[in-house]
1. Can you give me the number of residues within region B:398-422 that are in contact with an Asp or Glu (Cβ under 7 Å, 6 or more places away or on another chain) and facing chain A (nearest Cβ under 8 Å)?
2. Of the numbered conditions (1) modelled with pLDDT of 95 or more; (2) within 24 Å of the chain's Cα centre (by Cα); (3) within 28 Å of residue A:37 (Cβ to Cβ); (4) not hydroxyl-bearing (Ser, Thr, Tyr), residue B:425 fails exactly one; give the number of that condition.
3. Quick check on region A:160-179. Is at least one of its residues within 20 Å of residue A:76 (Cα to Cα) and within 14 Å of another protein chain (Cβ to nearest Cβ)?
4. Show the residue pairs meeting these rules: Cβ distance below 6 Å; 6+ apart or different chains; first residue within region B:162-190 and free of Cβ contacts under 8 Å to residues at least 12 places away in the same chain; second residue aliphatic (A, V, I, L, M) and in a helix (DSSP H, G or I).
5. Quick check: anything in region B:134-143 more than 30 Å from residue B:220 (Cα to Cα), in a helix (DSSP H, G or I) and of a type in the set (Gly, Ala, Ser)?
6. Look through region B:361-397, keep the residues that are out of contact with any Gly (no Cβ under 6 Å at 6 or more places or on another chain) and among the hydroxyl-bearing types (Ser, Thr, Tyr), and return whichever of them is farthest from the other protein chains (Cβ to nearest Cβ).
7. Looking at (1) at negative phi; (2) surrounded by fewer than 18 Cβ atoms within 10 Å (Cβ to Cβ), which is the one condition that is false for residue B:90?
8. What about residue A:88, is it surrounded by fewer than 17 Cβ atoms within 10 Å (Cβ to Cβ), at positive phi and either within 14 Å of chain B (Cβ to nearest Cβ) or in contact with a Gly (Cβ under 9 Å, 6 or more places away or on another chain) (or both)?
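The values are calculated or read from the model by the stated rules, or taken from the named source; none is laboratory data. Remember, it's a predicted structure, so these values are computed and weren't measured experimentally. Note that each Cβ is placed from the backbone with ideal geometry, even for glycine, and that neighbours are counted across all protein chains shown.
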Amino acid sequence: MQARTLYSILLFGGLGFLCGCDRLPGKPKEEDRWKPPSEIKDFALLFNTNCRGCHSNGQTLSASISMNNPPYLAVVPKEVMHKTIETGIPGTQMPTYSDKAGGSLTEEQVNILVEGIYNWAKGHEAPTDNLPPYSAALGDAERGKAVFAQACASCHGSGGEGTKGKGGAVDKAYLSLVSDQYLRTVVIVGRPELGMPGFREYVPGKPMTGEEISDVVSWLASRREGPAPGQSAKTAEIAPKTQPSTPNE
Amino acid sequence: MSAKDRPITSSLVNIAMWVERRLHLVKIWKATAGHPIPKSSASWFYTFGSMTLLCFTIQILTGILLALVYVPSANEAYRSLLFLNYQQELGWFLRAMHYWGSNCMVVIVFFHMTQVFLWGAYKHPRELTWISGVVLLFLTLALSFTGQVMRFDSDAYWGIGIGAAISGRIPIIGAQVVNLLLGGPIIGSDTLSRFFALHVFVLPGAVIALVSLHLRLVLLKGINEYPTPGIQVHKGTYWRNYEEMLHKDGMPFVPNGIGKDLVANGVLLLVMVALAVFVGPKGPEIPADPAQVISEAKPDYPFLWLLSAAALLPNGSEVILFFVVPLIAVILLIGLPFFSNVGEKHYSRRPVSILVVMLTYLTIGLLTYAGITGPWSPRMEAWSGTPTKPQFITGRSPVELQGALLLQGKQCRNCHSVGGEGGQRGPDLSAVGARMNQPQLIRQVIQGGGNMPAYGNTLTPQEVNALVSYLVSLRPINTIPALNPAIPEKAERVSSGEPTKGAKTGG
């Protein structure tokens with residue numbers, strides 16, 4: 001009789017265990033279910049899988065500009081960011097992401113990325129006084145050389161060739177891989193996380209003006225051999241000396 | 001028993017006796033379940049056969065229940081598995097039991113064959129029992145393979161692809177075999193139907209037929225006695241001695257000899273239920289869609305050793321792995337009772353048999369381990385989702401940072417890790433600048449080599465320069481770039497970059 005009771009407990013207990021309990025470790029969980037990439041709507045997941053390889057989320061460093069970067073976000077218009085993610089930047093390592101242009105992200109996902117990136121700056125907005133325009137025509141290269149000598153030479157060397165332990169800014173390979181707009185954006189916002197300050201701090205007490213920035217970018221662009229990224233040699237020859245309002249990588 | 005019950009009982013007895021007089025069930029029972037076995041055979045080592053049968057029975061039962069929901073069509077199969085996993089009450093448990101039942105069956109068939117081999121049970125007069133067992137092993141593996149195809153996810157898709165690629169190499173009839181298996185030259189809508197037919201009709205039918213033959217032979221030729229070292233098998237005397245042994249020292253399998261089998265099967269059932277409850281079913285993973293490149297397709301456990309063997313063998317030796325080795329294995333397995341028909345049975349007098357078992361288990365075990373842990377596929381999302389660690393960013397010049405971007409953008413990280421993160425198909429690049437000098441790196445990038453493709457056509461000279469500048473900078477602090485031994489001073493001069501940290505660079 002005792003044995004029968006034991007068997008009954010084991011049998012019904014076991015069945016109850018299987019039927020009633022939704023927390024059995026082997027039961028597949030909804031969150032583990034595979035979802036098509038187009039169904040991912042979580043900003044952090046989208047950023048970490050698509051952008052994080054090159055752009056920091058502010059927690060660590062990255063080879064390209066950090067996106068969790070209020071001074072940068074204060075300079076770059078939202079629509080430019082949107083377009084950059086959508087279509088990429090030809091000739092650089094920034095690929096196309098929109099499914100309309102051959103990428104893998106839907107319009108909704110691109111919007112989630114843009115909103116999420118700009119949300120990082122909320123509550124930490126950078127000062128906008130004296131802020132130079134995001135995009136502008138190239139300036140005067142000769143004047144730019146003088147500006148460079150004054151504002152940049154202490155780290156990058158008088159001719160831009162670099163100083164010991166600090167990188168050159170006129171390396172031919174480097175200049176052929178970055179657009180004029182990228183140079184302009186980096187001059188404006190710097191790479192503070194890597195020790196390069198922004199336009200306000202190159203010369204203490206004297207923020208660099210928009211004109212000076214255009215000039216120094218013009219001088220850097222003049223040191224480039226061959227076309228800028230995304231331009232053919234012929235286009236480069238006839239192109240007006242303006243910076244496209246496409247974005248930086 | 002009350003008086004009222006008596007007429008019913010006696011009616012039931014009458015019906016039973018009527019059936020018995022026509023079917024002679026008692027006689028059949030005595031001849032099968034009650035067949036005499038040597039007392040020494042009631043051993044724990046002799047329980048693997050019945051355990052295999054339990055696995056197969058569970059597979060049949062769970063398979064029938066799964067078939068009530070599963071839709072064997074390329075469009076519906078995946079969805080029906082999701083229904084079982086997430087909507088059908090205990091559907092996930094059913095899938096898990098079928099999955100773990102399959103894995104357990106393969107493992108226990110191996111144990112069963114190992115025991116039969118080491119205990120010399122394949123020798124005279126049980127040659128055909130062994131041969132039918134060998135065929136059952138192949139059928140079990142075929143069931144396992146076709147079963148994984150039923151999931152119709154990326155594992156299944158690429159599994160079929162590899163299976164078809166192997167079949168396509170069969171001389172002369174390769175293309176026809178592929179056509180027959182896939183229902184066309186490529187995986188299409190007919191493929192799943194064909195594998196379904198194999199999995200639920202052809203193969204189980206063949207197993208039932210072969211198991212019947214196998215059990216019939218066990219009954220006819222008897223269970224192998226527990227071997228004693230020094231006692232030889234002689235064709236002329238074995239059967240007479242065996243019958244004498246049964247006469248003097250035998251007992252009916254049921255009820256006297258079945259105890260250990262029942263316990264072992266009970267334990268196995270508990271293990272299978274535990275695996276199902278605690279580990280759960282497998283997949284379905286990413287759907288069977290070749291456009292979904294972010295998948296690390298791997299076969300189920302029974303074929304992982306084959307995956308790593310195929311991946312590790314040198315290029316060009318596929319024919320040996322897929323045709324010569326299996327042919328030799330089949331000849332050896334089927335021919336075993338003829339090569340070694342008489343003589344000693346006990347493993348302690350057959351050291352070669354122990355060596356063979358050890359080598360087989362080591363080979364399959366290590367290859368399976370490599371199959372589980374090995375980085376067999378590139379990490380296709382590493383280029384966009386795996387950041388570079390700070391120590392590989394700080395102190396780099398603008399051009400080196402562009403090189404770091406190229407390492408991501410050109411998807412080098414999918415195969416190469418830096419600081420242990422990224423793909424592992426190629427070598428880790430954390431200290432590549434100390435191993436290879438600038439010209440060597442340029443050559444490797446442009447021309448490829450080893451398993452690495454050539455990137456000369458996809459990179460501009462400036463991109464190569466930037467990339468190599470960055471690679472040269474990847475080396476431990478305070479080490480110089482790798483030198484060219486022929487012209488060390490020149491190599492030192494042309495190698496750019498220092499593995500500096502914290503310098504003001506940017507750009």
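1. 3
2. (1)
3. Checked against the condition, which is being within 20 Å of residue A:76 (Cα to Cα) and within 14 Å of another protein chain (Cβ to nearest Cβ), region A:160-179 yields at least one hit.
4. Here the result reads B:168/B:178, each pair linking region B:162-190 to a residue that is aliphatic (A, V, I, L, M) and in a helix (DSSP H, G or I).
5. Step one: of region B:134-143, the residues more than 30 Å from residue B:220 (Cα to Cα) are none.
Within region B:134-143 (the criterion being more than 30 Å from residue B:220 (Cα to Cα), in a helix (DSSP H, G or I) and of a type in the set (Gly, Ala, Ser)), the answer is no, since none of the residues qualifies.
6. Across region B:361-397, the extreme among qualifying residues is B:363.
7. The failed condition is (1).
8. Values: surrounded by fewer than 17 Cβ atoms within 10 Å (Cβ to Cβ): no; at positive phi: yes; either within 14 Å of chain B (Cβ to nearest Cβ) or in contact with a Gly (Cβ under 9 Å, 6 or more places away or on another chain) (or both): yes.
In short, no.
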